[in-house]
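**Q** I have a structure I would like to understand better, so I am pasting it below and will then ask my questions one at a time.
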Amino acid sequence: MTFLRYLIYFPLLIRFYLSNQKDLIIKDLNTEEKAFDINTCKVFIHRIAVDKYFRSLFYFRTQGFITNVFRVFYPKEKYFIIDIYSKIGGGVKLAHPYATIINAESIGENLYISHLVTIGEKNGKRPIIGNNVALHANCCIIGGITIGNNVVVGAGTVVTKDIPDGVTVVAAATRFLQK
């Protein structure tokens, strides 16, 4: 099975090897590997074969005609959308980002993103997100705001104002009282 997987996904491995985004893709693999070697190839083939979310991120990193051809034979996740004009640093960790939209001006390194997350524009302005940011389930980051470094945005939180470095933001809880 492993040999067959290598054979089937070999064209994507070649695209990876020839990409000018190779260093960012290696960081996205979230391994201890720091260079393109045989172990990196093994991890890449495994991730590209079994993880459509990683494949979508790979296609974002390697945009172009050849990538669009590959998308016909090796489909990406249709419910995970990354705007082509977003600038995203390496080390992206995708924890099942189903129904997630990323439309940011820029995002730093080591982004953790969960499902149902929306990063979107308002009045033509898009968010800027720092390094080491965790975005948990169903959070929304909207407009021309800045999210600092080392920030955690909790589940269900809507962020419409700037967030400084090192802050955890959570949604206001609603309390139900019994009568």
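The values are calculated or read from the model by the stated rules, or taken from the named source; none is laboratory data. Values in this document were obtained by computation on a predicted structure and should not be read as measured data. With ideal geometry, Cβ positions are generated from the backbone for all residues, glycine too; neighbour counts draw on all protein chains shown. SASA here: full protein model, heavy atoms, side chains in, ligands and nucleic acids out. Shrake-Rupley method; radii C 1.70, N 1.55, O 1.52, S 1.80 Å.
**Q** For segment 69-75, in order, what is each residue's ³J(HN,Hα) by Karplus, 6.51 cos²θ - 1.76 cosθ + 1.60 with θ = phi - 60°, in whole Hz (x at glycine and Pro)?
**A** The phi angles translate into 5, 4, 4, 5, 8, 10, x Hz.
**Q** Please give the per residue volume of the convex hull enclosing the alpha carbon atoms of segment 1-41, rounded to a whole number of Å³.
**A** On the way: hull volume 2.9 nm³, N = 41.
Given the Cα convex hull of segment 1-41, per-residue volume reads 71 Å³.
**Q** Express in % the proportion of alpha carbon pairs of segment 29-179 at distances exceeding 25 Å.
**A** Taking all Cα-Cα pairs of segment 29-179, the fraction more than 25 Å apart is 33 percent.
**Q** Something else now. Which one, ASP83, ASP37, ASP51, has the greatest fluctuation when you compute a Gaussian network model over the chain with C-alpha springs under 10 angstrom?
**A** ASP37
**Q** Place a label point 7 angstrom from the Cα of ASP162 along the Cα-to-Cβ direction, then list the residues of segment 130-146 whose backbone nitrogen is under 17 Å away.
**A** Only 130-131, 142-146 pass the distance filter.
**Q** Apply 1/(1 + (r/R0)^6) to the Cβ-Cβ distance of LEU13 and ALA172, taking R0 = 35 Å, and write down the FRET efficiency to the nearest 0.05.
**A** On the way: r = 47 Å, r/R0 = 1.35.
Given R0 = 35 Å and the Cβ-Cβ separation, E is 0.15.
**Q** Let me ask something additional. Kindly sort ILE119, ILE128 by accessible area of their heavy atoms, largest first, with the probe set to 1.4 Å.
**A** The residues order as ILE128, ILE119, largest area first.
**Q** Here are some pairs, LYS27/LYS122; LYS34/LYS161; LYS42/LYS125; which of them have Cα atoms lying more than 32 Å apart in this structure?
**A** Cα-Cα > 32 Å for LYS34/LYS161; LYS42/LYS125; rest within.
**Q** Work out the length of the dipole vector of segment 1-142 about its Cα centre, built from +1 on the beta-carbon of each Lys and Arg and -1 on the beta-carbon of each Asp and Glu, and round it to the nearest 20 debye. Walk me through the intermediate numbers first.
**A** On the way: 18 positive and 11 negative charges, 61 e Å.
About 300 debye.
**Q** Could I ask something else about it? Averaged across orientations, what area in nm² does the convex hull of the alpha carbons in segment 61-105 project?
**A** Spelled out: convex hull of the Cα atoms, projected over all directions, averaged, 3.6 nm².
**Q** Can you spot the aspartates and glutamates whose alpha carbon is less than 18 Å from LYS78's alpha carbon? Ignore those fewer than 8 places along the same chain.
**A** ASP51
**Q** Additional query: Per the Kirkwood definition applied to all pairs of different Cα atoms, how many angstroms is the hydrodynamic radius of segment 110-149? Before the final figure, lay out the partial values.
**A** On the way: mean 1/r = 0.0968 Å⁻¹.
About 10.3 Å for segment 110-149.
**Q** I'd like the GluC sites (Glu not before Pro) in segment 1-94 restricted to DSSP loop residues with at most 16 other Cβ atoms within 10 Å, sorted by number.
**A** Those that pass, being in a loop and sparsely packed, are GLU32.
**Q** Per residue, how much accessible area does the chain have with a 1.4 Å probe, in Å²? Don't jump to the answer; show the numbers that get you there.
**A** Details: 10170 Å² over 179 residues.
That works out to 57 Å² for each residue.
**Q** Take the alpha-carbon centre of segment 107-130, take the same for segment 27-81, and report the distance between them in whole Å.
**A** Segment 107-130 and segment 27-81 have Cα centres spaced 20 Å from each other.
**Q** Could I ask something else about it? Would you mind counting up the charge near PRO11? Only other residues with Cβ under 14 Å from its Cβ, with Lys and Arg at +1 and Asp and Glu at -1.
**A** Its environment carries a net charge of +4.
**Q** So between ILE38 and ASN123, what do we pick up on full extension, going 0.36 nm a residue minus the alpha carbon distance?
**A** Full extension from ILE38 to ASN123 adds 26.0 nm.
**Q** For the chain, give the percent of accessible area contributed by carbon and sulfur heavy atoms, probe 1.4 Å, rounded to a whole number.
**A** Whole-percent figure for carbon plus sulfur exposure: 58.
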